[in-house]
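Colleague: Mind looking over this structure? Questions follow.
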Amino acid sequence: MDIKRVKDYIYWLYYQYLLITCSYVLEPWEQSMFHTITVTVFAMVVYTAYVFVPIHVRLAFEFFSQIFGGQPDSTV
């Protein structure tokens, strides 16, 4: 793949991000604050999903396996 095309595509994605969030109308210091907050919130959502979703999936699996006739765990 051509490097120039990749670079243009990344610029296009960034431009789309600016248009969708309407942050192109902000001043530079406001843009940096907005981007910092957006990245921080996104990172917290990803971290929370990484930590808690597997636990909830396991608990849901155990719950539904007990309801639909799964074998009980041994107490030994």
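Colleague: Quick test for you: out of 39, 57, 46, 51, pick the one residue that is loosely packed, with under 10 Cβ neighbours inside 10 Å and under 20 Å from the mean Cα position of the chain (by Cα).
Modeller: None of the other options fit; the residue is 51.
Colleague: In the stretch 27-54, how many residues are in contact with a Ser or Thr (Cβ under 8 Å, 6 or more places away or on another chain) and not in a helix (DSSP H, G or I)?
Modeller: 0
Colleague: Which pairs have Cβ atoms under 7 Å, sit 6 or more apart or on different chains, and link a residue in the stretch 32-52 that is closer than 21 Å to residue 21 by Cβ to one that is among the aliphatic types (A, V, I, L, M) and open to solvent by less than 100 Å² (accessible area, probe 1.4 Å)?
Modeller: 34/26
Colleague: Separate question: Enumerate the pairs (first residue in the stretch 6-22 and among the aliphatic types (A, V, I, L, M); second residue anywhere and modelled with pLDDT under 95 and open to solvent by 100 Å² or more (accessible area, probe 1.4 Å)) with beta-carbon separation below 8 Å, excluding pairs fewer than 6 apart on the same chain, so at least 6 apart or on different chains.
Modeller: Every condition considered, the pairs that remain are 18/24.
Colleague: Please find, among 14, 24, the residue that is in a helix (DSSP H, G or I), of a type in the set (Ser, Thr, Tyr) and in contact with a helix residue (DSSP H, G or I) (Cβ under 8 Å, 6 or more places away or on another chain).
Modeller: None of the others qualify; the one that does is 24.
Colleague: For the stretch 11-24, give me each residue that is aliphatic (A, V, I, L, M) and open to solvent by 100 Å² or more (accessible area, probe 1.4 Å).
Modeller: Correct list: 20 only.
The values are calculated or read from the model by the stated rules, or taken from the named source; none is laboratory data. Given the structure is predicted, the values throughout are model-derived calculations rather than measurements. Glycine gets a Cβ as well: all are built from the backbone with ideal geometry, and neighbour counts include every protein chain shown. All accessible areas refer to the heavy atoms of the entire protein, side chains included, with ligands and DNA or RNA removed. Shrake-Rupley method; radii C 1.70, N 1.55, O 1.52, S 1.80 Å.
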